Amino acid sequence: MADAYHIGEFEQLVLLASLRLEETAYGIEIRRVLQEEGQRSVSRGALYKTLDRLCDKHMLEWEVSDSTPERGGLPRRRFRVTPDGVTALRRSKQTLARLWDGLEEVLG
């Protein structure tokens, strides 16, 4: 049986960026954190597909925020990590710690 809390690497990064941003976890800001802190190129399509998937897994929730003139009056979605998302991150961290254990000399 598959673990309901299993997340892939990019899902993990998106959840971590969302947690880091707290109340400003909008798609554009999540993408900026992933690109700057994660040092990787992130397409809008890949990000929003992952955000939607994490919402489907109940690891993220979103709410509509006020519209802004910069967006032509369109509202923005603000994302928040759910308790299930936090559990998934904890389990992922524990799994990685177990796999890294004893490999410090080899991998540095």
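The values are calculated or read from the model by the stated rules, or taken from the named source; none is laboratory data. Because the structure is a prediction, the values reported are computed rather than measured. Note: ideal-geometry Cβ built from the backbone for every residue, glycine included; neighbour counts use all protein chains shown.
Structure summary
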| item | result |
| --- | --- |
| Single condition LEU96 does not satisfy, out of (1) over 26 Å from ASP3 (Cα atoms); (2) outside any loop (DSSP other than H, G, I, E, B); (3) at pLDDT 90 or above | (1) |
| Verdict on ARG90 being charged (D, E, K, R) and surrounded by 12 or more Cβ atoms within 10 Å (Cβ to Cβ) | no |
| Hits in segment 16-53 (condition: among the β-branched types (Val, Ile, Thr) and in contact with a Leu (Cβ under 6 Å, 6 or more places away or on another chain)) | VAL42 |
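Okay, residues lined up against (1) at pLDDT below 95; (2) charged (D, E, K, R); (3) within 12 Å of the chain's Cα centre (by Cα); (4) loosely packed, with under 12 Cβ neighbours inside 10 Å:
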site	(1), (2), (3), (4)
LEU21	no, no, yes, no
ILE30	no, no, yes, no
ARG53	no, yes, yes, no
GLU63	yes, yes, no, yes
PRO69	yes, no, no, yes
GLY73	yes, no, no, yes
PHE79	no, no, yes, no
PRO83	no, no, no, yes
